[in-house]
Each structure stands twice: as C-alpha cells, then as structure tokens.
1. Given a Förster distance of 35 Å, report the FRET efficiency between LYS415 and LYS235 from their Cβ-Cβ distance, rounded to the nearest 0.05.
2. How high is the FRET efficiency between THR63 and LYS135 when r is their beta carbon distance and R₀ equals 30 Å, given to the nearest 0.05?
3. Could you report the accessible area of TYR294 in Å², rounded to 10, computed with a 1.4 Å probe on the protein chains as they sit in the structure?
4. Could you give the angle, 0 to 90 degrees to the nearest 10, between helix 449-471's Cα long axis and the longest principal axis of the Cα atoms of the chain?
5. For the stretch 386-431, what class follows from the C-alpha gyration tensor (a ≥ b ≥ c being the square roots of its eigenvalues): rounded when a/c is under 1.5, otherwise prolate if a/b is larger than b/c, else oblate?
6. What trypsin sites (Lys or Arg not before Pro) does the stretch 268-337 have in DSSP loop regions with at most 13 other beta carbons within 10 Å?
7. Quick check: residue separation of ASP310 and ASP76 times 0.36 nm, minus the Cα distance between them. What number comes out in nm?
8. Could you order SER192, SER216 so the one with the most accessible surface comes first? Probe is 1.4 Å.
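The values are calculated or read from the model by the stated rules, or taken from the named source; none is laboratory data. Here the structure is a predicted model, which is why all the values come from computation and not from measurement. Because the Cβ atoms are built from the backbone with ideal geometry, glycine has one as well, and the counts that use them run over all protein chains shown. Heads up: the accessible areas ignore ligands, DNA and RNA and are worked out on the full protein's heavy atoms, side chains in. Shrake-Rupley method; radii C 1.70, N 1.55, O 1.52, S 1.80 Å.
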Amino acid sequence: MNKKYLAALLLIFLAVGLGFGLYREVYQRRSWVSEVSLRDIKGFRAIKGMTIDSASLVKDELTVATTGSKFIFKQDGTLEFWQRIPAERKVTTLKLEDGIWPRSISKKDDFSIQIETDPFSISLQGDSLAIISFKKMATTTFLGHFQPEFTTGNGGKQNFIDTTGGFGYYPVQDKPLDVRTISDELFHFATSFSMGDELWVSVFPPRPYDWARLNSPLAHTGKEEEPYSPETLIKEAAKHAKVFTLHSFFMPGGDKEPWLISSFTPSDMKEFERVRDSVQAAGMKFLIYASPYYSRAPDFFAEMRKLIHDYKIDGLYYDGISYDFRESYKIVRKTRELFGDDIIVYIHASTDPFNSTTFFAPVIDTYADYILRGEASRPANLSLDNFLKYVVSGLHTSGVNGYWLYYGSANADQKGEIFNLPDDAAIETAFRNHVYFPWSDTMYRSASKKDWQDFTKKYFKRLEKYKEGPLSQ
C-alpha cells in the first residue's frame, strides 16, 4: 500500500470524523427547546408559596426558575442546580459523558414541567424538586459547589447541608455512594443508573423560612385516661398557644397500641364538639390526630375530608406518614392540593421517611406548618447543636418551624423516654438553633404541676424575647 493511498485514506477518515462532529453539533443545537415552545410555560399554581416562576431560553441556555431554585441546561451539555433562598448560589452540577441536551417539553401541569433529553426525562416541580427517569443506562457525575457542614443518608441517598441550604440526592433504587472531596469548596460523586431507574434531586430550602409562624405557638395534649381535654386545660393552653392539637386517644383504635385506626371518628361526638368549640372560642386553631401511617381506612383522604368539612376542624396532625419517601411526598402534596394552604398541617417525623433519626427529606417537610422531631433519640457522635440546627430546625432546609420532642432525645444515644422538663441550657440551645418546644401537659409529665407551670411561664417569656429579633426585621 503506497504512501499516497494511505494519505488519502487518512484524509477520508478525518473528513468523516469532522463531518460527524459537525452533524452532531448541529443536530444538538437544532434539537434544543425553542422559544416558541416556551410561550405556554405559564399559569402555574402556588402551594405554600412555591411555584414555577419562569422558563426562558437565552443564548441556547434553557433556565427553569422556581421559588427556591434554578435549573440551567448549559451549552456544554451540563445541568446546573442553583439555590435562590436566602441568596443565589450554584449547589451542584450534573454531568453525563454524552451531555444533557433538552429536546422537547413533553408535559406540563399547574405545578411542573417535564423536559425530554436523550438519556432521561426530567420533571421539574414548583417545590424545587427534579425527578429524573432514565431511558437508558447512564453514569451520572455530580459536582458539589460548596463544602457541606452536615451530611446524612443511607442506601446511597444523602443530604448535603450547610447554614445556607443545600440539596438532597435520592435515587429510588439503592445505589453505592462514594463522595470525594476535591477542595474546600468542591466535592463529587458518580453513580450508574439502568433504564427505568429514577433519581430525585431536591434543592433546599424551597421557600423562605416562616418567621410569622412564631406568632402561633403550638400546644399538644391528650391522655389515655383523659382523651377529651377539660375546660381548665384549654384555658391554660390559650394563655400561650394559638394552635391546639388533640392526640389520638379520643378515637377507637387510637386509644391503645398498636394505634391502628380504621375510621377517624370520635368515641364521643358530644365531648369532641365541646373541646372543638371551646378551643376555637378561646382563639386557637383546632387540630386533631390523623396519621396516614397508622390509618387502616380504605380511603384515607375521604376520612380527611370528613374531618375538615364535617367536623369543622382547622388542621391535621400527621403522626408519621410512611417509610417510602415517594409515598410520603405524594401524601403531603395531595393534602395541600385537596385542602389548600389555609388548613394547618403539623407533622411528626422523628424517623420518617428513611427510618433514620437524622436523615429526612426537606421537600416533604416543606408542605407542613410545623415539624416535630426527636422522639427516637439522637446519635452519640452528633452534638446537640448540630442535631437541632440541621435535623430539627427547618431554617436551612424546609422553611418550616421545627419543634423538639425533648423527652426522646434530651441525652445522646438515649434509651427510652424521659419526661423531664428542659433545663435552661436546653432552652437556650434550642433558641440558638431556631428550635421550639410545644406547650404540653403530657410531654413533661414527670414534673410536678408547679414546676411545669413555672417552666411554661419562663419558656414563653423567653420566646417573646427571641421573637423580637427576626420579627422586627
């Protein structure tokens, strides 16, 4: 084979390669979502103040902005995840070997849009959640653009949090996760996905922190021996609280373990109406126990409609939701879609939805008005400050007021429940980390009545002083 023939053959190969590269580049650029296709991207509803703000195409970069985040499809084939609350910053970038090129908008409803790319479909929600459904095998690389101060997770899922916010990484199918630090400001990890796999990426906080909720302190009561609160207790609670929660003991099934409730119906309707009317007359909102986790009702939401519309209550106390994060998300979101933002949703999630005392999903919490945590202890290797700051408080994650179940986690690696009163150090540690205590006659039942009353006066006086800071701004 002579040299001229080899040279000609080489030129042919080079031409084919360049032609393919040019074709690929042109094909990718021509396949971008067009400005015309974005004209109908409007008319989104808001849930708890969260919505899709806009979708825009500037210099071949597609940006979808929500209340708490921005998702930017870059010219170089990467996808950037930005946080917008309390300030804008890039939290992570997703890279694939063949790039991520948005081809079309395949679906839109009043809270989300779905974008098609070659490797996956991605559904962007108004609550700053991206749900990625893989169409083929792909290896993803995530680059983190900050140094987390707190990480927690299991099954290849993980939260990356600092005092500004962060993001959650939740593959539906358990995957190995090896996070490696690159520098003080960068980390990365790679994961392989198969066709049909699903990945959730949640940027948080998805909405501003609800400082105004501090004006509506929470009361939580109810005893097995006294399922319907007496008038004296309601009047006492009204001195300090604006929201009154009645625990499960007033309904059959909720009065004893295993707490399984087939119908959320009071055992004594006359007594139930007395408590409700007295609570509302005292200027408080009335919430009752309504756990999805312990419910055995054939139609849970039909029961919730009955409670809200027929029993005329003001909100729901979810004592656990489920131990499937997708199901928990579906339940809390449907609650808001059915009943709106005006009803109060109060969620106890000490281990929900990942069966962990420290790992949680802010995108689930954000649909609540109050979050209650701490019943199932806290790890010995986690300081109380970090437990309260990053697990109980919603300041950096969900935007929700976090309440501490002190009796379950007063001590590290605590075994069993201790119904003592929080001491001064615990109160100050809680406020320092933007965490609060419910008014309750049952959570501190080891204390004498006088000590409990003294603590209540002291705590709510301290709460008023604490509120002067954030609420005066």
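1. Details: r = 37 Å, r/R0 = 1.06.
FRET efficiency, LYS415 to LYS235: 0.40.
2. Values: r = 23 Å, r/R0 = 0.77.
Using R0 = 30 Å, I get an efficiency of 0.85.
3. In the full protein context, TYR294 sits at about 60 Å².
4. 40 degrees
5. Working: a/c = 2.24, a/b = 1.65, b/c = 1.35.
Prolate.
6. Working: sites: LYS270, ARG274, ARG276, LYS285, ARG296, ARG305, LYS306, LYS312, ARG326, LYS330, ARG333, LYS334, ARG336; in loops: ARG296, LYS312.
The qualifying sites are ARG296, LYS312.
7. Values: separation 234, 0.36 × 234 = 84.24 nm, distance 5.61 nm.
That works out to 78.6 nm of additional length.
8. Numbers: SER192 75, SER216 30 Å².
From most exposed to least exposed: SER192, SER216.
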